[in-house]
Every structure is written in structure tokens, then in C-alpha cells.
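Working notes for the structure below.
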Amino acid sequence: MVQPRNLLFIMSDEHNPKMLGCYGHRQVRTPNLDRLAERGTRFSAAYTNSPICIPARAAFATGRYVHHTRYWDNAMPYDGAVRGWGHRLQDEGVRVESIGKLHFRGDGGNAGFVREIEPMHVMGGIGQVWGSVRDPLPPERRARMLGKIGPGLSSYNSYDRRIADEAKGWLADAARQGGDRPWVLYLGFVAPHFPLVVPEEFYDLYPLDDLPEPKLHPDAGHARHPWIQRMDDFQQVDRHLSEEERRMATAAYFGLCTYVDALIGEVLEALDACGLRDTTRVIYTSDHGDNVGARGLWGKSNMYEEAAGIPLIISGDDIAGNAVCETPVSLVDACQTVLEAVGMAPGETEAELPGRSWFDIAGSARDPARVVFSEYHAAASPSGAFMVRRGTDKLIHYVGYGPEFFDLARDPEETVNRADDEACRDAVSELYGALRGICDPEAVDQAAKDDQNALVARFGGPEKAFTTGTPGATPAPSAVPAQSR
């Protein structure tokens with residue numbers, strides 16, 4: 001076990017893992033996260049446990065898979081009823097606080113933090129009720145999901161600015177207070193989540209005529225998987241964008257990656273200035289990724305690398321520098337990670353969870369047998385989608401549709417589905433065994449739909465559900481005082 005240290009846990013929202021300099025992107029500028037990776041260990045196969053905000057964040061908070069917590073979608077926010085690592089820290093008297101986006105229910109209950117500073121929770125404690133209407137999925141829901149695109153200043157940009165400023169003040173106060181017990185500070189930024197609006201100085205870093213063409217776009221002949229096509233027929237986002245709008249959206253997304261990197265850089269500079277660097281470990285990750293136009297898709301909500309993958313960097317004075325860990329990991333590992341960071345061993349309940357500390361994994365030999373798992377039961381999906389990865393093999397199972405299988409060593413961009421390839425038969429069979437060892441996909445799919453149908457009924461049925469709660473992204477909160485338990 002690593003020695004106890006303070007932990008600064010930074011989570012952005014919707015950061016495509018391919019879009020950082022340290023992950024090999026040739027254009028997106030993330031100098032501060034690149035330096036963090038140089039001082040620490042970068043994970044090359046990190047995943048969300050559900051590619052949408054609320055289920056992912058519930059898995060992160062509890063160390064449990066979505067089908068265990070039953071926080072299925074963005075109308076079922078985490079409320080603390082399922083205990084997580086934050087509750088364990090409180091039991092042991094560890095100072096554990098948050099600044100910024102949590103996306104929990106936000107009803108004043110104990111969701112794991114003694115104090116929530118500038119918290120962002122689901123609107124009215126309700127969220128996207130329309131996203132629970134899936135059984136059956138309506139034919140379409142045409143909506144301009146991306147909203148305004150281009151240079152400017154959104155409420156999210158301003159909110160992220162406040163988060164960084166609050167974090168710098170918090171660190172200065174922690175340094176003044178001192179003490180011999182470690183603390184945990186969770187810092188939640190919104191960028192690069194849409195709306196795809198970013199201050200002009202960041203937008204201008206990415207001229208439109210220098211941007212890459214979208215990968216596997218249907219206009220270039222790519223045939224989508226039928227499950228993905230059904231989802232896109234419901235959402236109808238990219239098909240209503242002009243070529244210029246697509247490029248503007250890409251430039252704005254790139255700019256948002258650089259914007260959040262700049263804010264994180266300020267926080268890390270404050271950590272140094274306060275003299276806390278040597279006694280604090282830093283983790284950076286995101287709740288899920290973003291397609292950014294690949295396959296003609298925007299947002300998240302699928303199991304491809306762009307959406308289900310996440311960046312993950314850990315850094316500290318006892319963490320190997322300029323290192324890469326290839327063992328697959330996921331957000332449920334955060335529970336054991338946080339506990340180990342402050343010197344706590346998992347209790348009896350936590351020892352039964354599926355996760356393993358990232359510090360432990362990073363300090364061990366590559367584990368080609370480790371399986372990571374993700375699932376999706378939320379907005380726009382006609383049925384449950386499940387992903388398992390072991391080594392470089394990846395299986396996506398869609399209830400009621402054919403599977404996809406990718407050999408990521410040979411095909412990292414997931415261009416060829418080899419599920420029906422005779423040469424991959426054994427690998428596909430083994431991954432199906434791993435999947436069914438975790439859950440029964442068909443039974444889980446039905447459980448999710450049963451819970452969602454009950455929720456929709458409580459709100460008056462599908463027609464009322466489509467006009468209940470936030471129609472798109474959760475509004476940024478106005479400046480609010482800290483909320484303490």
C-alpha cells in the first residue's frame with residue numbers, strides 16, 4: 001500500500017481520451033496535463049462504466065456497476081443511498097470536500113462529501129426524464145443538442161472559471177491550516193462538455209481549414225451498426241449540421257480541451273505555490289468521452305473508444321514518472337484508489353467490489369487477463385449495450401442486435417467489426433463468457449426498462465415525460481454558497 005498523502009482528484013466532463021497531447025493527438029494542446037503525465041503514470045486503456053453522466057458518476061462514487069446501483073440514466077441521479085468511498089472517509093474522520101460539478105440529486109442528503117462548494121446537480125433533482133422513454137424508443141426526437149457553436153463565453157465557461165478560483169483558495173486555506181491527516185478534494189470541471197462555445201483565444205488556436213476530417217463519417221460511405229443507426233435516427237444531430245458547423249464544433253471542442261487544461265494548470269500551480277506538491281497526489285480523469293463527429297455522432301452514449309474511453313493520469317512523489325500503464329481500468333476502481341491514497345484498507349463490503357486501486361495496478365506488471373466492463377441503458381438507446389475489454393480484445397454486445405468485436409492492437413480506430421470472423425471465434429466466445437460472468441445482459445436490459453417505465457408513469461406517461469426536466473445539458477448554477485452537512 002502507498003503511504004498516506006493528500007489527494008486532489010480532478011474530473012472533467014466528456015473528455016475524449018484521444019484528445020490530449022500526452023495521448024498522441026497532434027493538434028489538441030494540453031500542456032499542463034502533458035506535464036502531469038510526464039511526472040506520473042498515464043493509463044492507455046481507461047474506461048467509464050457507462051458513457052453518460054449520472055450512471056458514470058454513480059459508479060465512480062460507489063465503486064459499483066450501474067446494474068448494481070440501478071442509477072440507470074440521467075433522470076435517476078445518485079442520492080447517497082448506496083454508500084460510497086466518500087461515506088467511508090467520513091466514517092474515518094478524513095476531510096473530504098468537493099468543488100464543482102457532481103451531477104447528483106442535490107437534495108441536501110449525504111452523497112459522500114462533508115462540504116460541497118459551488119455544486120452542480122441535476123436541475124430540480126429531476127434530470128432528463130425524456131431519456132427514460134425507451135420501451136419502446138420513439139421514432140425520433142429532433143433536437144439541436146449542440147446549441148450555439150463557436151467562439152464566445154457560455155455559462156459553463158464562467159462556471160469552470162469559478163471552480164478553478166475556488167480550488168486555488170481552498171488549497172491556500174488547507175496549506176494554512178496544516179495538520180497531520182490527509183485530505184481529499186474532488187474538483188469537477190464541466191469542459192469540454194457541450195455547448196461547444198469557448199473563449200475566442202482558445203477557439204482561434206484551431207483554424208477551421210487545418211482540422212482533421214471526421215472519422216468513418218456516413219457521408220464518406222461508412223455503414224453504421226444497426227443499433228447505432230437506430231439511436232441516430234432518434235437523435236438526429238449531425239445530419240442537420242452543415243460542413244462549416246461540423247468544423248466549428250470540432251474547433252470549439254478542441255478549444256474547450258485547451259481551456260480546461262489551462263484552468264487545471266492554474267490549480268496545479270497553486271498546489272506548488274502552497275507547498276503541497278510533495279504531500280499531495282493528483283489524479284485527472286473524466287466521466288466519459290465524446291464522439292466529436294466520429295461516425296457522424298456527437299456527445300457520448302456508445303461503446304466506441306471515443307465515448308466509452310476516458311483519459312486517466314495519476315501523479316505523486318512516489319508514482320513512476322513518464323510511465324504508461326496498459327492494464328485496462330475503469331471508474332469503479334476509484335473506490336479502492338481513494339482509500340489507498342489516504343492510507344485506508346478496504347473494509348469487508350469494499351473488498352467485495354469489482355475495483356482495484358490504480359496505484360496498485362500502475363505499480364504492478366501489465367495484467368493481460370484483467371477485464372473491464374461498461375453498460376448503457378440511457379437516452380436514445382433502443383436496448384442495453386454492454387462492453388467488455390480484456391487485453392486488446394473488445395466486445396460490444398447489443399441486446400436484440402448483432403455484436404461488434406475489435407482487435408484494438410491491429411485496429412485501434414475500430415474500423416472493422418470482426419465479430420463474425422472465424423479467426424476471432426475463440427476470442428469472442430471468451431469475452432462473452434466474461435460478460436455473462438458479470439451480468440445477464442438480457443435480464444439487466446429488462447430491469448432497466450422496468451425501472452424507467454415506472455419512472456415515466458410517475459411523471460404522467462411518455463408525452464408528459466418528454467416535456468419534464470431539463471431538455472438538454474444541465475444548466476450551470478449561479479454562484480452559490482458552500483453546502484455543508
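Being more than 19 Å from the chain's Cα centre (by Cα) and in contact (Cβ under 8 Å) with a residue 12 or more places away in the chain, is that true of even one residue in segment 299-311?
In the first step, residues of segment 299-311 are kept if they are more than 19 Å from the chain's Cα centre (by Cα); the result is none.
No: segment 299-311 contains no residue that is more than 19 Å from the chain's Cα centre (by Cα) and in contact (Cβ under 8 Å) with a residue 12 or more places away in the chain.
Just checking, does segment 271-279 include any residue being among the small types (Gly, Ala, Ser), within 28 Å of Arg35 (Cα to Cα) and surrounded by fewer than 23 Cβ atoms within 10 Å (Cβ to Cβ)?
Going residue by residue through segment 271-279, those that are among the small types (Gly, Ala, Ser) are 273, 275.
Narrowing further to those that are within 28 Å of Arg35 (Cα to Cα): 273, 275.
Next, only the ones that are surrounded by fewer than 23 Cβ atoms within 10 Å (Cβ to Cβ) stay: 273, 275.
The answer is yes, given that some residue of segment 271-279 is among the small types (Gly, Ala, Ser), within 28 Å of Arg35 (Cα to Cα) and surrounded by fewer than 23 Cβ atoms within 10 Å (Cβ to Cβ).
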task: Go through segment 115-147 and count every residue that is modelled with pLDDT under 95 and assigned to a strand (DSSP E or B).
output: 1
message: Within segment 188-213, take every residue that is more than 16 Å from His288 (Cα to Cα) and hydrophobic (A, V, I, L, M, F, W, C) and give me the one that is surrounded by the most Cβ atoms within 10 Å (Cβ to Cβ).
response: Val198
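Residues checked against (1) assigned to a loop (DSSP other than H, G, I, E, B); (2) closer than 29 Å to Asn110 by Cβ; (3) in contact (Cβ under 8 Å) with a residue 60 or more places away in the chain:
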site	(1), (2), (3)
Pro4	yes, yes, yes
Leu7	no, yes, yes
Asn16	yes, no, yes
Arg26	yes, no, no
Asp34	no, no, no
Pro51	yes, yes, yes
His67	no, yes, yes
Tyr71	yes, yes, no
Every residue from segment 95-111 that is surrounded by fewer than 23 Cβ atoms within 10 Å (Cβ to Cβ) and part of a loop (DSSP other than H, G, I, E, B): Arg105, Gly106, Asp107, Gly108, Gly109, Asn110
message: surrounded by fewer than 20 Cβ atoms within 10 Å (Cβ to Cβ), assigned to a loop (DSSP other than H, G, I, E, B) and modelled with pLDDT of 95 or more: is that true of Gln90 in this structure?
response: no
message: Kindly evaluate Gly355 against the criterion of being outside any strand (DSSP E or B) and either buried (at least 18 other Cβ atoms within 10 Å of the Cβ) or of a type in the set (Val, Ile, Thr) (or both).
response: yes
message: Just to be sure I understand the filter: pairs with C-beta atoms under 6 Å, separated by 6 or more residues or on different chains, first member in segment 336-357 and at negative phi, second member among the basic types (Lys, Arg) and surrounded by 18 or more Cβ atoms within 10 Å (Cβ to Cβ). Which pairs pass?
response: Gln336/Arg356; Ala341/Arg281
message: Is it the case, given these coordinates, that Pro182 is closer than 30 Å to Ala351 by Cβ, more than 20 Å from the chain's Cα centre (by Cα) and either of a type in the set (A, V, I, L, M, F, W, C) or surrounded by fewer than 23 Cβ atoms within 10 Å (Cβ to Cβ) (or both)?
response: yes
- prompt: So is Ile283 of a type in the set (Val, Ile, Thr) and within 20 Å of Pro55 (Cβ to Cβ) or not?
  reply: no
task: Would you mention how many residues in segment 215-236 are modelled with pLDDT of 95 or more and not in a helix (DSSP H, G or I)?
output: 8
message: Can you tell me which condition Val372 does not meet? The list is (1) under 23 Å from Leu102 (Cα atoms); (2) in contact with a strand residue (DSSP E or B) (Cβ under 9 Å, 6 or more places away or on another chain); (3) among the aliphatic types (A, V, I, L, M), and all the others hold.
response: (1)
Candidates Ser381, Ser330, Ser364 - the one that is within 27 Å of Gly469 (Cβ to Cβ) and either in contact with a His (Cβ under 6 Å, 6 or more places away or on another chain) or polar (S, T, N, Q) (or both): Ser381
- prompt: Any residue in segment 77-94 that is within 17 Å of the chain's Cα centre (by Cα) and over 23 Å from Leu353 (Cα atoms)?
  reply: no
- prompt: Does Phe405 satisfy the criteria of being of a type in the set (A, V, I, L, M, F, W, C) and without any contact (Cβ under 8 Å) to a residue 40 or more places away in the chain?
  reply: yes
message: Please go through (1) of a type outside the set (Asp, Glu); (2) out of contact with any His (no Cβ under 8 Å at 6 or more places or on another chain); (3) crowded, with 23+ Cβ neighbours inside 10 Å; (4) part of a strand (DSSP E or B) for Val324 and return the number of the only condition it doesn't satisfy.
response: (3)
task: Report, by residue number, each residue of segment 148-177 that is outside any helix (DSSP H, G or I) and among the basic types (Lys, Arg).
output: Lys148
Filtered residues of segment 115-169 (kept if out of contact with any strand residue (DSSP E or B) (no Cβ under 6 Å at 6 or more places or on another chain), closer than 22 Å to Trp183 by Cβ and aliphatic (A, V, I, L, M)): Ala164
- request: Could you tell me whether any residue of segment 315-335 is touching a Gly at 6+ places or on another chain (Cβ under 8 Å), among the β-branched types (Val, Ile, Thr) and within 21 Å of Val82 (Cβ to Cβ)?
  value: yes
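The values are calculated or read from the model by the stated rules, or taken from the named source; none is laboratory data. Only a predicted model underlies this, so the values are computations on that prediction, with no experimental measurement involved. Using ideal geometry, Cβ is built from the backbone for each residue, glycine included, and neighbour counts are taken over all protein chains shown.
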